[in-house]
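*Asks:* One structure, pasted below without further comment.
The values are calculated or read from the model by the stated rules, or taken from the named source; none is laboratory data. It should be emphasised that the depicted structure is a prediction, and the values quoted were computed from it without experimental measurement. Heads up, the Cβs are rebuilt from the backbone with ideal geometry, glycines too, and the neighbour counts pull from every protein chain shown.
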């Protein structure tokens with residue numbers, strides 16, 4: 001199983017490199033989909049069906065939306081600027097990150113043995129305290145319901161923001177009418193007043 | 001109402017008749033599966049978010065196969081907006097109702113019998129609220145990204 005996980009990880013890394021390097025936007029989107037579905041299989045193998053379902057379904061929706069968005073825009077090739085400084089600095093930082101990650105991973109506990117006792121308590125008492133047999137939902141909507149509400153608020157705010165940004169033409173005329181009603185001074189009114197002085 | 005829907009369904013908008021036929025069969029299954037994931041979120045893997053995304057995928061298939069007219073007739077952008085807001089509000093109200101017993105998000109209903117549909121108190125209700133919210137908001141994002149720009153600027157031109 002470890003070997004299979006390793007193969008999947010390498011597959012995902014190759015997919016993400018292709019997604020960055022390719023010049024065709026459509027194949028880039030498909031490579032991102034490869035990474036997402038590989039991640040979904042990894043979640044499934046590690047015993048997290050909840051996250052696997054969510055990952056897979058969101059990946060499908062995002063693929064559809066991205067393909068729809070990339071096909072309608074005719075921007076297929078992106079100009080590339082070769083920049084030696086950014087390349088060298090990113091390589092240096094990546095090397096530093098690898099060294100420190102190596103040091104940090106040495107001190108981590110083995111996989112599956114957690115340092116925090118709270119998660120063990122959640123696992124043991126979730127069924128009797130919340131009544132939900134799905135522990136993930138029990139944690140999300142009972143122990144940590146406040147967090148879930150924050151997440152819902154983030155989703156709500158992002159939807160409102162997307163609605164405002166994606167409207168291609170602002171309601172300029174409406175706003176002018178509104179300012180007339182309320183009596184906010186326009187630039188011309190201010191100029192007129194200024195001439196009067 | 002039904003005649004107009006039939007007319008739209010048989011018009012040339014959307015994809016070919018093969019896709020339309022398959023989509024007509026698949027739609028019901030997708031909606032039922034999404035509703036199952038939402039309703040049984042406290043028993044089996046899944047929950048409000050995953051089920052809501054599946055339901056939104058159903059609406060996306062409807063839009064892609066039959067064109068925007070039928071999809072906007074089933075769930076208009078106004079309706080999606082109202083559904084989104086009411087889902088968020090319902091979630092908040094369920095949380096606030098916990099104050100009747102003491103604190104925010106108290107599981108004030110009985111726990112019931114394990115592994116049954118009506119168990120776990122407020123958790124299924126929260127799942128349903130989140131499911132409605134996620135369905136509406138993701139479908140709204142889809143229509144915003146694909147057809148909303150033309151749609152709304154057309155409306156503004158009409159006003160002028």
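*Asks:* Just to be sure I understand, how many residues within region B:43-86 are over 14 Å from the mean Cα position of the chain (by Cα), on the phi < 0 side of the Ramachandran plot and without any contact (Cβ under 8 Å) to a residue 12 or more places away in the chain?
*Replies:* 2
*Asks:* On the basis of being touching a residue at least 24 places away in the same chain (Cβ under 8 Å) and more than 7 Å from chain A (Cβ to nearest Cβ), does residue B:139 make the cut?
*Replies:* Yes, satisfied.
*Asks:* Of the conditions (1) closer than 27 Å to residue B:92 by Cα; (2) at pLDDT 85 or above; (3) surrounded by fewer than 16 Cβ atoms within 10 Å (Cβ to Cβ), residue A:129 satisfies every one except a single condition; which number is it?
*Replies:* Only one criterion in (1) closer than 27 Å to residue B:92 by Cα; (2) at pLDDT 85 or above; (3) surrounded by fewer than 16 Cβ atoms within 10 Å (Cβ to Cβ) is unmet by residue A:129, namely (2).
*Asks:* For region B:36-55, which residues satisfy the criterion of being in a helix (DSSP H, G or I), more than 7 Å from every other protein chain (Cβ to nearest Cβ) and buried (at least 16 other Cβ atoms within 10 Å of the Cβ)?
*Replies:* Answer for region B:36-55, where residues must be in a helix (DSSP H, G or I), more than 7 Å from every other protein chain (Cβ to nearest Cβ) and buried (at least 16 other Cβ atoms within 10 Å of the Cβ): B:37, B:38, B:39, B:48, B:51, B:52, B:55.
*Asks:* For region B:99-114, give me the residue count where each residue is under 18 Å from residue A:139 (Cβ atoms) and exposed (fewer than 12 other Cβ atoms within 10 Å of the Cβ).
*Replies:* 1
*Asks:* When you check residue B:65 against the structure, is it within 13 Å of another protein chain (Cβ to nearest Cβ) and either at pLDDT 80 or above or in contact with a strand residue (DSSP E or B) (Cβ under 7 Å, 6 or more places away or on another chain) (or both), yes or no?
*Replies:* It is true that residue B:65 is within 13 Å of another protein chain (Cβ to nearest Cβ) and either at pLDDT 80 or above or in contact with a strand residue (DSSP E or B) (Cβ under 7 Å, 6 or more places away or on another chain) (or both).
*Asks:* Residue by residue through region A:114-161, note down the ones that are more than 13 Å from residue B:43 (Cα to Cα), in contact (Cβ under 8 Å) with a residue 12 or more places away in the chain and either under 21 Å from the mean Cα position of the chain (by Cα) or facing chain B (nearest Cβ under 10 Å) (or both).
*Replies:* Scanning region A:114-161 gives A:129, A:142, A:143.
*Asks:* Sticking with this structure for a sec: Mind counting the residues in region B:95-124 that are outside any loop (DSSP other than H, G, I, E, B) and more than 9 Å from chain A (Cβ to nearest Cβ)?
*Replies:* The total comes to 4.
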